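Trainee: Here you go, one structure.
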Amino acid sequence: MQKVMMFRSPWGWMGVAESSKGIQAIVLPKRSERAVEADLRAQSNGPLQRGESARLDMARRQLLDYLAGTRHTFDVPLDLSQGTVFQRQVWRVLLRVPHGKLRSYQWVAARVGGPQYARAVGNAVGANPIPIVIPCHRIVSQDATLGGFSGGLSMKRKLLSLEGTLVQLQRGRA
């Protein structure tokens with residue numbers, strides 16, 4: 001059973017889910033608590049238990065600090081066990097992309113097997129269940145366009161703007 005916490009942020013309602021191993025899912029800001037709960041249910045492979053824990057509270061505090069612009073790194077334990085071996089490999093590479101930097105899908109592909117994996121990397125990036133903490137928003141197209149984002153391109157722009165990197169895309173250097 002996943003334990004979940006939903007909370008209001010300055011950007012909207014968010015959610016965090018954990019297993020016994022670590023944080024398993026983050027729901028990006030939504031308009032309503034109900035929308036967050038629906039996303040958490042869709043990502044879960046079992047029943048949800050609303051509640052609090054030290055780890056959920058730590059994740060909530062770190063996310064709120066990040067959205068306020070006062071945190072650039074995260075140190076909550078993660079549970080990536082719901083991903084495939086390839087997805088987990090991609091997500092670990094994403095964890096190495098620092099705040100304030102952008103990388104291309106091709107850059108990630110080169111670190112997980114070669115440029116022929118760029119499309120598979122895009123799929124793995126899109127399947128990331130722990131956005132923001134695993135910074136999939138920092139991955140952009142080689143031509144310095146946004147690429148995709150599971151949370152929508154307006155949310156990706158907002159996150160990149162918070163990190164000061166949106167201007168790099170607008171100047172065409174990713």
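Trainee: On the basis of being open to solvent by 30 Å² or more (accessible area, probe 1.4 Å), under 19 Å from the mean Cα position of the chain (by Cα) and not assigned by the TED database to the domain that holds Trp13, does Gly151 make the cut? Please lay out each step first, then the result.
Mentor: Details: open to solvent by 30 Å² or more (accessible area, probe 1.4 Å): yes; under 19 Å from the mean Cα position of the chain (by Cα): yes; not assigned by the TED database to the domain that holds Trp13: yes.
When the stated conditions are applied, Gly151 passes them.
Quick grid of which residues meet (1) out of contact with any strand residue (DSSP E or B) (no Cβ under 9 Å at 6 or more places or on another chain); (2) farther than 27 Å from Gln43 by Cα:
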site: Leu80; (1), (2): no, no
site: Ala120; (1), (2): yes, no
site: Ile134; (1), (2): no, no
site: Gln142; (1), (2): no, yes
site: Gly147; (1), (2): no, no
site: Gly151; (1), (2): no, no
site: Leu162; (1), (2): yes, no
site: Leu169; (1), (2): no, yes
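Trainee: Hey, among Arg92, Arg111, Arg88, Arg96, which residue is of a type outside the set (A, V, I, L, M) and more than 26 Å from Gly15 (Cα to Cα)?
Mentor: Numbers: Arg92 fails: more than 26 Å from Gly15 (Cα to Cα); Arg88 fails: more than 26 Å from Gly15 (Cα to Cα); Arg96 fails: more than 26 Å from Gly15 (Cα to Cα).
One residue alone meets the criteria, Arg111.
Trainee: Considering region 61-102 alone, what residues qualify as being in a helix (DSSP H, G or I), open to solvent by 60 Å² or more (accessible area, probe 1.4 Å) and polar (S, T, N, Q)?
Mentor: Gln89
Trainee: Being open to solvent by 50 Å² or more (accessible area, probe 1.4 Å) and either under 15 Å from the mean Cα position of the chain (by Cα) or in the same structural domain as Pro135 (by the TED database) (or both) is the filter here; which residues of region 15-50 pass it?
Mentor: Lys30, Asp39, Gln43
Trainee: Here is a follow-up. Any residue in region 43-56 that is at pLDDT below 95 and closer than 25 Å to Leu160 by Cβ?
Mentor: yes
Trainee: Enumerate the pairs (first residue in region 85-104 and hydroxyl-bearing (Ser, Thr, Tyr); second residue anywhere and buried (at least 18 other Cβ atoms within 10 Å of the Cβ) and part of a loop (DSSP other than H, G, I, E, B)) with beta-carbon separation below 9 Å, excluding pairs fewer than 6 apart on the same chain, so at least 6 apart or on different chains.
Mentor: Sorted first by the residue in region 85-104, then by its partner, the pairs are Ser104/Gly147; Ser104/Ala174.
Trainee: Looking at region 74-95 only, could you name the residues that are touching a Leu at 6+ places or on another chain (Cβ under 7 Å) and under 13 Å from Pro131 (Cα atoms)? Steps first, answer last, please.
Mentor: From region 74-95, those touching a Leu at 6+ places or on another chain (Cβ under 7 Å) are 88, 91; that's our starting set.
Passing the criteria: only Trp91.
Trainee: Now a separate question. Just one of Ser9, Ser53 is out of contact with any Cys (no Cβ under 6 Å at 6 or more places or on another chain) and either open to solvent by 20 Å² or more (accessible area, probe 1.4 Å) or under 20 Å from Arg88 (Cα atoms) (or both); which is it? Please lay out each step first, then the result.
Mentor: Working: Ser9 fails: either open to solvent by 20 Å² or more (accessible area, probe 1.4 Å) or under 20 Å from Arg88 (Cα atoms) (or both).
The conditions single out Ser53.
The values are calculated or read from the model by the stated rules, or taken from the named source; none is laboratory data. As the structure is a prediction and not an experimental result, all values here were calculated from the model. Ideal geometry is used to build each Cβ from the backbone, glycine not excepted, and the neighbour counts take in all protein chains shown. Surface areas here come from the heavy atoms of the whole protein model, side chains and all, with no ligands, DNA or RNA. Shrake-Rupley method; radii C 1.70, N 1.55, O 1.52, S 1.80 Å.
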